[in-house]
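The values are calculated or read from the model by the stated rules, or taken from the named source; none is laboratory data. It should be emphasised that the depicted structure is a prediction, and the values quoted were computed from it without experimental measurement. Neighbour counts run over all protein chains shown; Cβ positions are idealised from the backbone, glycine included.
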Amino acid sequence: MEAKSESPSTAILKLENLNLHYADKHVLKNINMDIQPHSITALIGPSGCGKSSLLRCLNRMNDLIETTAIEGKIMYADKIDINSRKLDVTQLRRKIGMVFQKPNPFPKTIYENIAYGVRIASRVSKSELDDRVEEALKKVGLWKEVADRLKDSGMALSGGQAQRLCIARTIATKPDIILMDEPTSALDPISTQTIEELTLELKENYTVVIVTHNMQQAARISDNTAFFYLGELIEYSPTKVMFTRPTQKRTEDYITGRFG
Amino acid sequence: MLIIEKSLRELRDNLQSMTEVVLDMLELVKNSLEQEKINELEVVFKQDKHLDQLEKSLDRQCMELLALINPHASDLRFVFSVIKVNVDLERMGDECKNVAREMKDHSDKVPPEMKELAKLVYETGQNTFKALATMDSKWAKNLILDDDNIDKLEYEILQKYPQIGISFTAKALERIADHATNVCESIIYAVEGIDVRHENTIRQRMTK
């Protein structure tokens with residue numbers, strides 16, 4: 001079963017016949033998928049369906065697992081093959097950043113959490129660095145809350161604030177794409193709402209790919225939704241279509257909670 | 001049973017109760033016209049009041065289901081359709097009441113075409129409610145096409161009998177059939193996710 005999105009020419013990420021194995025386990029099976037720029041793409045499916053593995057393919061996070069074997073192409077902006085062995089992975093991860101399930105600020109000051117990535121990516125003056133920190137914190141709506149305590153530890157923030165700090169840290173290196181792996185599953189409803197609103201704002205400037213177990217979240221914020229099951233992409237369509245009239249029986253069963 | 005299945009079943013049961021009341025009213029209207037008797041019409045007024053209460057309760061149930069259970073896909077389409085069908089059922093009841101009131105107020109002789117029309121409308125209602133209970137979208141499509149016969153008969157009556165009371169009754173009956181058509185369209189949407197409202201669309205779909 002293959003599902004493709006409608007306008008391939010404008011895709012910022014183009015997955016072609018992507019296969020992923022962890023040792024002898026076939027985790028992703030022949031995935032073909034286009035991800036549109038300045039949109040939010042949600043990846044949904046039951047645990048073990050391959051959605052997080054797919055997300056990790058997009059910035060080579062699977063390289064960290066030794067037994068990984070990957071086939072197929074992931075074209076980024078039409079010209080870069082993400083799977084190429086020659087690619088500078090550090091550079092790639094600056095362009096395609098990741099926000100994780102649990103907020104994981106560095107054990108450094110709030111200021112340093114953001115400045116660190118910027119400083120190692122480019123030579124910037126102190127005043128420029130200050131500007132970049134302020135800009136990133138403003139974009140995630142954290143500036144007002146932390147402006148007077150930039151020297152405090154990032155670890156002292158609340159869950160929702162810490163997650164926004166992590167998003168600020170990601171956008172400070174000026175990425176194109178932000179990958180989010182269940183970014184609100186450890187947060188309370190209010191913080192979740194804040195992150196969702198923020199994600200919607202982010203798509204003005206970035207492309208967002210989000211893995212979520214929260215179907216309402218996918219429905220609320222994403223433009224397109226991809227449903228995975230047992231390593232296959234079962235259905236990929238505009239979110240509005242997916243949640244009102246999905247075409248595949250397995251999608252229907254999953255989103256109406258009749259699975260298994 | 002899943003929570004959503006339990007909620008949807010309750011919704012289906014209450015919808016069924018409503019269609020039973022409307023069908024009762026339709027039968028009373030049909031029989032009264034057929035036998036030109038008005039003694040049973042009081043029941044129609046009583047049933048209409050009952051129907052109003054059922055409408056409110058079904059709406060409340062749909063609202064709660066949407067808020068608490070968050071249905072998706074076919075479940076969502078079903079609840080959405082029930083909300084619309086609910087309005088149609090209540091209106092069908094209103095039109096039955098209109099016919100009953102007209103019969104009580106004027107004692108025009110009932111023309112044979114009117115008896116035929118009432119019979120057709122009753123059958124349409126009966127079939128529509130069966131299609132609704134079984135969510136049979138194919139049947140619903142055929143029923144929409146049948147509506148033409150009712151429109152023709154109504155037109156005939158309007159041409160032949162100038163009396164205001166008669167045309168009022170014919171129009172009310174025709175409107176009941178129109179609501180039945182709406183119900184059929186809602187069934188098709190709930191089952192297939194396709195919006196077939198407006199005649200041409202369904203005709204085109206049927207010939208495909």
Any idea which of (1) at pLDDT 95 or above; (2) crowded, with 20+ Cβ neighbours inside 10 Å is the one B:M103 doesn't satisfy? (1)
Search the stretch A:236-253 for residues that are within 16 Å of A:I210 (Cβ to Cβ) and pair each with any residue that is modelled with pLDDT of 95 or more and acidic (D, E) when their beta-carbon atoms are under 7 Å apart and the residues are at least 6 apart or on different chains. A:P238/A:D223; A:T239/A:D223; A:M242/A:E235
Looking for whichever is touching a helix residue (DSSP H, G or I) at 6+ places or on another chain (Cβ under 9 Å), surrounded by 16 or more Cβ atoms within 10 Å (Cβ to Cβ), under 26 Å from B:S74 (Cβ atoms) and among the basic types (K, R) here; the options are B:K141, B:K130. Which one fits? B:K141
When you scan the stretch A:96-106, do you find a residue that is over 30 Å from A:L187 (Cα atoms) and out of contact with any Cys (no Cβ under 7 Å at 6 or more places or on another chain), even just one? no
Hand me the list of strands (runs of 3 or more DSSP E) wholly inside the stretch A:151-260 holding 2 or more residues that are more than 24 Å from A:N62 (Cβ to Cβ) and within 14 Å of chain B (Cβ to nearest Cβ). A:232-238
Pairing a residue in the stretch B:148-163 that is within 17 Å of B:K109 (Cα to Cα) with any residue that is hydroxyl-bearing (S, T, Y), where Cβ atoms lie under 6 Å and the two sit 6 or more apart in sequence or on different chains, gives B:L158/B:S167
Could you check, for the stretch B:5-17, whether at least one of its residues is more than 13 Å from chain A (Cβ to nearest Cβ), in contact (Cβ under 8 Å) with a residue 60 or more places away in the chain and either under 20 Å from B:E123 (Cβ atoms) or crowded, with 21+ Cβ neighbours inside 10 Å (or both)? yes
Would you check if there is a residue in the stretch A:123-140 being in a loop (DSSP other than H, G, I, E, B), of a type outside the set (K, R) and either within 26 Å of A:V211 (Cα to Cα) or in contact (Cβ under 8 Å) with a residue 60 or more places away in the chain (or both)? yes
Failed condition for B:A67, given (1) more than 14 Å from chain A (Cβ to nearest Cβ); (2) part of a helix (DSSP H, G or I); (3) over 19 Å from B:N182 (Cα atoms), with all others met? (1)
Verdict on A:D24 being closer than 18 Å to A:I177 by Cβ and either without any contact (Cβ under 8 Å) to a residue 60 or more places away in the chain or touching a helix residue (DSSP H, G or I) at 6+ places or on another chain (Cβ under 9 Å) (or both): no
Pick out the one residue from B:V121, B:V99, B:V110 that is touching a residue at least 40 places away in the same chain (Cβ under 8 Å) and not in a helix (DSSP H, G or I). B:V110
Residue check for A:V146: touching a residue at least 40 places away in the same chain (Cβ under 8 Å) and of a type outside the set (F, W, Y): no
Assess whether B:I38 counts as being surrounded by fewer than 20 Cβ atoms within 10 Å (Cβ to Cβ), assigned to a loop (DSSP other than H, G, I, E, B) and not basic (K, R). yes
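Yes/no matrix, rows are residues, columns are (1) more than 14 Å from every other protein chain (Cβ to nearest Cβ); (2) within 13 Å of the chain's Cα centre (by Cα); (3) surrounded by fewer than 18 Cβ atoms within 10 Å (Cβ to Cβ):
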position	(1), (2), (3)
B:D48	yes, no, no
B:S57	yes, no, yes
B:H72	no, no, no
B:S81	no, no, no
B:K97	yes, no, no
Is it the case, given these coordinates, that A:L87 is closer than 18 Å to A:L15 by Cα, free of Cβ contacts under 8 Å to residues at least 40 places away in the same chain and assigned to a loop (DSSP other than H, G, I, E, B)? yes
